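What follows is one structure encoded as structure tokens, with my remarks underneath.
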Amino acid sequence: MVDQTPTELIMNTILVTGVGGFIGSHVAEALLSRGDAVVGVDNMNDYYPVSFKRENLQLLSRHPRFAMVEGDICDRSLVRDIFDRGSISHVAHLAARAGVRPSIADPYIYEEANVQGTLNLLQATVGRSVQNFVVTSSSSVYGNSTAIPFREDDSATDRPISPYAATKKATEVMAFTYHKLYGLNVNVIRPFTVYGPRGRPDMAPWLFIQSAVRGGTIYKFGDGTTRRDYTFIGDFTTGFVNAIDRAHGYEIFNLGNSSTVSLNEALEIVRDVTGRELVIEQRPMQPGDVEITNADVSKARRLLDYNPSTSFRDGMGTFFEWYRQTRM
Ligand SMILES: NC(=O)c1ccc[n+]([C@@H]2O[C@H](COP(=O)([O-])OP(=O)(O)OC[C@H]3O[C@@H](n4cnc5c(N)ncnc54)[C@H](O)[C@@H]3O)[C@@H](O)[C@H]2O)c1
């Protein structure tokens with residue numbers, strides 16, 4: 001439990017959207033720990049078990065400087081009310097429908113939460129003294145770019161290959177408009193497969209560990225040579241918090257690890273850290289899947305002092321330890 005900080009030492013009041021989720025809860029925890037006040041908003045949707053989100057909120061609610069609004073960022077009056085009630089100095093916008101494959105099945109809920117929701121937040125900043133707005137995009141905007149590693153100025157991001165990626169690109173563009181029209185400082189973050197304790201149960205690192213411990217089948221899409229840039233949540237959160245602190249006008253940053261792991265290597269690591277034999281079944285590649293994600297993080301290193309240092313093997317070890325203690 002963090003010590004109570006006298007009011008005069010509170011640094012900022014930061015609105016964290018998607019605070020019940022994986023990354024939002026880590027970012028909020030880091031901000032609270034250093035003395036910021038956090039107003040969290042989340043609609044607690046059931047994309048994955050709501051009980052996981054409630055557990056995340058329970059951790060945060062121990063902090064005296066945490067206030068929670070349970071509601072939807074698509075609700076314009078709710079969003080305006082949040083800004084009316086608290087003097088929000090910064091916005092860390094993480095609320096979204098996440099995931100590539102489900103966005104193909106139901107693109108409408110993605111457009112609503114990701115595009116309209118972001119627009120509501122941007123519009124609510126107009127005429128207020130918000131110092132910096134961090135909007136979370138995704139590495140999926142790079143689609144099947146062949147310019148490896150991906151750089152922020154890659155024009156392949158104009159050609160997203162899933163509804164999810166298209167909504168994320170739309171939020172980047174919309175945020176630029178608010179920067180241009182109203183001088184809003186915006187940092188766009190493109191995360192690369194973030195994993196670790198409290199991780200998302202629909203993502204590969206979680207599914208691999210879960211199947212390993214339960215003896216379930218792991219579906220390997222493709223021949224295992226696809227490569228991913230996996231980013232440990234601790235490294236990511238440090239970079240994200242630095243992006244909240246540093247206003248640069250309008251900038252886009254990759255936050256990845258910068259090295260890649262093939263699917264076959266990832267499965268070997270899962271076998272090693274869990275100590276279990278894996279049951280693997282090969283399936284064809286899925287629509288919307290990409291061959292490789294790989295971040296060039298030199299811009300984030302330069303402007304955000306970003307320094308990812310956790311290998312996938314070490315990060316998965318930490319993740320498995322958390323999983324063992326909380327989920328087994
Ligand atoms: N985890 C990753 O590897 C990754 C990769 C790329 C991008 N991102 C982006 O990072 C952000 C956080 O992702 P995460 O992995 O923590 O996902 P998450 O699903 O755990 O968190 C998102 C949270 O937003 C909330 N939310 C969704 N729609 C909402 C709405 N309309 N109003 C209020 N709250 C809403 C959800 O209930 C959830 O708690 C998202 O914007 C996601 O697109 C994540």
Task: Global geometry of segment 132-200, whether rounded, prolate or oblate, following the gyration tensor of its Cα atoms and the 1.5 cut on a/c - done: oblate
Open item on the list: Run the numbers for Gln325 and Asp245: contour at 0.36 nm per residue of separation, minus the present Cα-Cα distance, in nm.
Closed with: 25.4 nm
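Return a whole-number percent for the relative contact order of segment 1-151, with Cα pairs under 8 Å and 6 or more residues apart as the contact set.
Details: 210 pairs, mean separation 37.4, N = 151.
Reported relative contact order: 25 percent.
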Open item on the list: How far apart, in nanometres, would the label points at Asp158 and Arg214 be if each is projected 7 angstrom from Cα along the Cα-to-Cβ direction?
Closed with: 4.5
- [ ] For Gln116 paired with Asn307, estimate the spin-label separation in nm (one decimal), with each label point 7 Å from Cα along the Cα-to-Cβ line.
- [x] 4.5
TODO: Among DSSP beta bridges lying fully in the chain, give the percent that are antiparallel, nearest 5.
DONE: 5
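For the chain, with only Lys/Arg (+1) and Asp/Glu (-1) charged at the beta-carbon, what is the dipole magnitude about the Cα centre, in debye rounded to 20? Spell out each step's value before the answer.
Working: 33 positive and 37 negative charges, 24 e Å.
In total the dipole reaches around 120 debye.
Nearest 5 is fine: what % of DSSP beta bridges in segment 153-301 come out antiparallel, could you say?
Working: 2 of 16 bridges.
If we restrict to bridges inside segment 153-301, about 10 percent are antiparallel.
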Open item on the list: I'd like to know which of Val126, Met44, Tyr110 lies farthest towards the positive end of the charge dipole of the chain, counting +1 on Cβ of Lys and Arg and -1 on Cβ of Asp and Glu.
Closed with: Met44
- [ ] List every residue whose amide H lies under 5 Å from the amide H of Gly40, counting only residues 5 or more places away in sequence or on a different chain, with H placed 1.01 Å from N in the peptide plane.
- [x] Val16, Ala67, Met68, Val69
Task: Sorted by Cβ neighbour density within 10 Å, fewest at the top, the residues Met11, Met174 - done: Met11, Met174
- [ ] May I have the count of lysine pairs in the chain with C-alpha atoms under 23 Å apart, counting pairs 8 or more residues apart or located on different chains?
- [x] 6
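Rounded, prolate or oblate for segment 57-132? Axes are the square roots of the Cα gyration tensor eigenvalues, ordered a ≥ b ≥ c, and the cut-off for rounded is a/c under 1.5.
Details: a/c = 2.31, a/b = 1.39, b/c = 1.66.
Oblate, because a/c is 1.5 or more while a/b does not exceed b/c.
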- [ ] Please report the relative contact order for the chain, taking Cα pairs under 8 Å with a sequence separation of at least 6, and give it as a percent rounded to a whole number.
- [x] 17
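Decide, for segment 89-216, between rounded, prolate and oblate: order the square roots of the alpha carbon gyration tensor eigenvalues as a ≥ b ≥ c, take rounded if a/c falls under 1.5, and otherwise choose prolate if a/b is larger than b/c, else oblate.
On the way: a/c = 1.97, a/b = 1.62, b/c = 1.22.
Because a/c hits 1.5 or more and a/b exceeds b/c, segment 89-216 counts as prolate.
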Task: Relative contact order for segment 106-161, counting Cα pairs under 8 Å that sit 6 or more residues apart, in percent - done: 27
Task: Note, ³J(HN,Hα) from phi for segment 180-190, Karplus 6.51, -1.76, 1.60, rounded to Hz, x at Gly and Pro - done: 5, 6, 10, x, 5, 6, 10, 10, 8, 10, 10
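FYI, it's all coordinate maths here, none of it is from the lab. Since the structure is predicted, the reported quantities are computational estimates derived from the model, not experimental observations. In this analysis, Cβ positions are derived from the backbone assuming ideal geometry, glycine residues included, and neighbour counts consider all displayed protein chains.
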